[in-house]
Each structure stands twice: as structure tokens, then as C-alpha cells.
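Below is one structure, written out as C-alpha cells, with a few remarks after it.
The values are calculated or read from the model by the stated rules, or taken from the named source; none is laboratory data. Owing to the predicted nature of the structure, the values given are computational and were not obtained by experimental measurement. Here the Cβ positions follow ideal geometry from the backbone for every residue, glycine too, while neighbour counts run over all protein chains shown.
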Amino acid sequence: MELKTKGITFSIVAVLLIGICSFIPIAIGTDQPCGNTPELNKKIIEFVNSSLGKQVAAGECWDVAAQALNKAGAKWDGNYNFGKVVDYKKTCIYPGDIVQFDGVELKYNIEDIFYVEKLTHHTAIIYNVKGKGDFVIADQNTKFSGKKVATHPFDVKTLTKGKFTIYRPQK
């Protein structure tokens, strides 16, 4: 289906699979679907799945990404350059991408409870992509899960200050 307004064409792609309607993400600025999750990212998610509810290494947030990248055979600097920088506004984001938060404050509501979350220097892994700028992240060393790996939402609309960088792991 296409909607044209003021010379701009917007495409909505839907696929009907065995009676289930699901939307295929479209890369911003193109009419191309995002496609399959990169193989390296799949290996990172396999590591996350095997680590849920457990402490990874010393329990620091960074440890999850470091161990996942190493076990997947990714090339990275062993510090905070986790791969190729990608812009969620222009490029598809996949499960297994790494997100680095710096000076971030998030404000949001869950079931009528107001939360303020501060991520001064925090590393997480994109676990699921719900929509543009709307993710589920996996991490540890948080007030929610302590030093064990868990998942929780991250919607860029809840960002009130700070910045974040998303990295695509590289072979």
C-alpha cells in the first residue's frame, strides 16, 4: 500500500503468514525491507539467551557485551568501540546490535508507576526491535535485575537527556 502526500511516498509493507499479520521493518529513506538479522548478531543473541537470569563475568554491564562479542568472534577494540556505528533513524537496527549510553536519563510509565532511569555510562545489547526507536535491551548491573542478565524496554521517546550510540558487530 502506498500513501502519497506532498510528493513523498510512504510504503507500508505487510505480510500475511498462516493467518497472522506482521509488519516488515522498512529502512528509513528507502523502500527496502531490513532483511534477515546478520549472522554475527544471531550469535550474540544466542549468548544473551544462554545468559538470561545469570551473572556474566564480574556482573558489570560491559561484561555481557564483551563476552558476547568475543564468543561470537567479532572484531572490536576491547574497549568501547563495539563495531560499526549505525544511526537508528537511517539504518535498520537488529537484535544483537550493541548500545552504549552516556549521561542518559529516561522517564517513563509502566502500569501506572513512574520511573526515572539514569544510565551515566552503561552498555547493553539490543534484544528485540519493536519499532523505530523502540527496543527491548538485555543488560546487567541495573537497579531492576542487579548483576544478572535481564531484558527491559528502551524507547528513545523516553530519553530526556544524554546520548546513546548503537554499534553493529563486525567480523
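A few comments on the model shown:
- Listed by position, the strands (runs of 3 or more DSSP E) contained in region 74-151 that have at least 2 residues being within 10 Å of the chain's Cα centre (by Cα) and surrounded by 15 or more Cβ atoms within 10 Å (Cβ to Cβ) are 98-110, 113-131, 134-139.
- In summary, TYR94 fulfils each of the numbered conditions (1) of a type in the set (Ser, Thr, Tyr); (2) modelled with pLDDT of 95 or more; (3) farther than 13 Å from ILE166 by Cα with the single exception of condition (3).
- Close pairs from region 80-94: first of a type in the set (Lys, Arg), partner crowded, with 17+ Cβ neighbours inside 10 Å, Cβ under 6 Å, at least 6 apart: LYS84/ARG168
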